[in-house]
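Read-outs throughout are calculated quantities, based only on the coordinates presented, and are distinct from any laboratory measurement. None of these values were measured; they are calculated from a predicted model. Cβ atoms come from the backbone with ideal geometry, glycine included; neighbour counts cover every protein chain shown.
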Amino acid sequence: MKLSVSNYSKIYIVALSLIAVFTVSSQIFVQFHLKGQDSSSRVINISGRQRMLSQKISKEALLLVKASDKKAFADQWKLLKADLTLWNRSHQGLLQGDAKLQLPKTELDQINQKYFKEIAVFKHKIEEATQSLLKESFAAKQPQKEKWLNIILANEKSFLGLMNKITFRFEEVAKQKVSSFQRIELFLMCFTLFLLLVEGVYIFRPTFNKIKESVMLLQENAEEIDAQNQMLSGVLTKMQRQNDNIASSIRYAKTIQDASLSLDPSVHSCLDQMAFILFRPLQVVSGDFYYVADTPEETIFAAVDCQGHGIPGAFLSMIGVSILNDVVKAKGITKPGEVLNSLHQTVRKTLRQASTNNRDSMDLALITINKYSNEVLFAGAKNPLIYVTDNQVHEVKGDRRSIGGKLNAAKASFTTHAITIEKATTFYIFSDGYIDQFGGPDKRKFLRSRLKKSLLNLHSKPLKQQKKSLDQNLERWMQEGNESQIDDILVMGVKLYPI
């Protein structure tokens, strides 16, 4: 009967499972036996120590009787008392087990049961005489103390002889266990080898034949495979060429976008002193863009998030920059609400959204700073303004509508908010890329609440350090959740002082 590949796989898994079971069983058995061997060694050591302790008790009893002064008597009394206690406890542990002495509770064989029964008489006499000797004081009569000493010495030899037999019997039992273990281990090894042999004959050999047949079939089809490889190689070369062309176009688009986002020299000179821009495009080109314009009386900052990212978002961002330049620089409109109204109308007109299905839009936050007063104006299309002053975080929400998109131009009316600067204040505007980034131990969004806490902690630091810390915090957030960047990221910070 021919077996399919599936049947071979099942048989192979069963055979490997049997080998695994027997291998694990062998290891468990070995560990169990080693633990038993350790316990047997401990029993043998303790039984051997009993002989030494009995001799030590005799010696210390003799020294106690011969003590020449009270100090020597007291010192010898303590030694004898301690050794007698250990001797009694070890003897009891050999019979019933003792966790502190690491003695297991074992079943004695008949021979050792007999020996322990015989030795009990001599142990009792030695123990009783030693206890009686310990009750005698230094001033007690010498003949009375020598009486207890003679009893100890008279029973010591018999106790030692039986203790030797007990120890030797423990050693014999341990050797028997080792021999039994070796026989079982040999059986397990032979059975494992047998399984390997069966697997080799009935699994490996048929599998090898199947593989051999497959190799021959592959060799017969080598020409066809080679032709297909050549065809695929041609397709790959064509795709690589197209990819290179696309990459070149994207790089050129980035050059154009960078040029459209470049700042005037007058803006550059003051930017490092009063503001920072954290800009992390998701791809080579970005759907987010920053806008900074400087007029004789005002400075305007905007953080804009165009719908989409990559090339589509970049096209929309270039349109946005061009329209903002026309509104602010050509038409002279600087009041945030009016700037957004004009931007909305022009975007809808440029993209012909009234007569087509185009619904591309922008979300943004824009502030206008008056150089000669302590007033900052803000307007937002969905995006808010966050500012920190006197160690307090404040948020001004933007209008719940976007620039462009579904909203009719006639219905667009964006609100201008005014903030008066009374103390050093740091203003922050941003796209949604930072707060929507997934990460952290729970793989959740960063969220605006967490950003506000970060800004509160950072607002008093130098602007360059704020930018660096925000970037590092975001990087750490993504690493903790093992996440990649999902959107363009833009955060702008502006620090102002009252005039």
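Quote the Stokes-Einstein diffusion coefficient, in whole µm² s⁻¹, for the range 5-214, based on the Kirkwood radius over alpha carbon pairs, a temperature of 4 °C and a viscosity of 1.567 mPa s.
D, rounded to a whole number, is 60 µm²/s.
If you count, for each residue, the other Cβ atoms within 10 Å and average over each peptide, how do 343-349, 353-359 line up from highest to lowest?
Peptide ranking by packing, descending: 343-349, 353-359.
Could you work out the local net charge near ILE152, counting Lys and Arg as +1, Asp and Glu as -1, over the other residues with Cβ closer than 15 Å to its Cβ?
Net charge in that neighbourhood comes out at +4.
In degrees, nearest 10, range 0 to 90: what is the angle between the Cα axis of helix 448-458 and the longest Cα principal axis of the chain?
80 degrees
Excluding ARG359 itself, what net charge comes from residues whose Cβ is under 11 Å from its Cβ, given Lys and Arg +1 and Asp and Glu -1?
Result for the local shell: +1.
Farthest toward the dipole's positive end in the chain, which of ILE13, THR416, GLY234, given Cβ charges of +1 (Lys, Arg) and -1 (Asp, Glu) about the Cα centre?
ILE13
Please determine, in degrees from 0 to 90 and to the nearest 10, the orientation of helix 265-274 with respect to the longest principal axis defined by the Cα atoms of the chain, where the helix direction is its Cα long axis.
Orientation of helix 265-274: about 40 degrees from the principal axis.
Compute the helix-to-body angle for 110-135: its Cα long axis versus the longest principal axis of the chain, expressed 0 to 90° and rounded to tens.
Approximately 80 degrees, to the nearest 10.
If I take all pairs of Cα atoms in the range 253-496, what percentage of them are more than 21 Å from each other?
56 percent
Excluding the sites themselves, what is the longest stretch of the chain that contains no GluC sites (Glu not before Pro) in a DSSP loop with at most 15 other C-beta atoms within 10 Å?
In the chain, the maximal stretch lacking such sites is 108-296.
Cα-based Rg of the range 62-126 per 2.2 N^0.38 Å, rounded to two decimals?
After normalising by residue count via 2.2 N^0.38 Å, the value is 1.48.
Would you mind counting up the charge near ASN473? Only other residues with Cβ under 12 Å from its Cβ, with Lys and Arg at +1 and Asp and Glu at -1.
Once positives and negatives cancel, what remains is +2.
At a 10 angstrom cut-off on C-beta neighbours, averaged per residue, how do the peptides 439-451, 317-329, 485-497 rank from highest to lowest?
485-497, 317-329, 439-451
Ratio of the chain's C-alpha Rg to 2.2 N^0.38 Å, to two decimals?
Output field value: 1.98.
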